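Shown next, in structure tokens, is the structure this report addresses.
What follows is calculated from the coordinates using simple rules that are stated; it is not laboratory data. In this text the structure is predicted, and so the values were computed from the model without any measurement. Here the Cβ is made from the backbone with ideal geometry for all residues, glycine too, and neighbour counts use every protein chain on show.
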Amino acid sequence: MIYLLDVNALLALGIDEHEFHQRTVKWVKQVAPHAAFATCAITELGFLRVLLQAYSATTVPLGQKLLMLLKSSRLVRYQFLADDQDTMQLPAWVQWPNQITGGHLMALAKAHNAALASLDQSIRGAFIIPR
């Protein structure tokens with residue numbers, strides 16, 4: 001199984017102070033022997049954007065280094081999903097602006113035979129990281 005981590009899941013995994021860090025790390029450790037984890041341009045850019053906004057001492061190069069270290073872990077297999085999905089690929093349930101990114105990530109995951117792993121219960125069809 002391949003899990004595309006959404007921005008919040010990626011942040012929760014990489015930031016010790018994130019409110020869902022322990023929950024996400026526990027899940028990743030449980031499934032890592034049998035799964036791969038993926039990022040894409042949107043999730044990596046979102047990771048950097050939120051990291052820089054939430055942690056003012058962080059710079060773009062430090063954020064990039066943190067992401068690289070996270071993705072180079074020996075315990076977890078990572079891959080990068082190329083994004084060739086246009087807006088016509090959005091699921092039919094996407095009706096509102098706050099659903100666009102989740103819908104796009106769902107379509108991208110589906111196109112790569114992956115599951116979108118999220119902490120956001122409002123994304124239809126996403127795999128919700130267990131408590």
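Annotations
- In the elastic network of the chain, a GNM with C-alpha springs shorter than 10 Å, the most mobile of LEU11, LEU105, LEU75 is LEU75.
- ARG124 paired with ASP16, simple spin-label distance in nm, labels 7 Å along Cα-to-beta-carbon: 4.1 nm
- Label of the coordinate-derived value, Rg and Dmax of the Cα atoms in Å, listed as (1) 21.0, 63; (2) 14.2, 41; (3) 14.1, 43: (2)
- With distances taken between every two different alpha-carbon atoms, region 1-76 has a Kirkwood hydrodynamic radius of 12.6 Å.
- When only the Cβ of Lys, Arg, Asp and Glu is charged (+1, +1, -1, -1), the dipole of region 2-128 relative to its Cα centre reaches about 400 debye.
- Taking 0.36 nm per residue of separation and subtracting the current Cα-Cα distance, fully stretching the chain between GLN64 and GLN95 would add 7.9 nm.
- FRET efficiency, 1/(1 + (r/R0)^6) with R0 30 Å, evaluated for THR87 and GLN53 via beta carbons: 0.70
- The Cα center of region 1-66 and the Cα center of region 115-131 differ in position by 14 Å.
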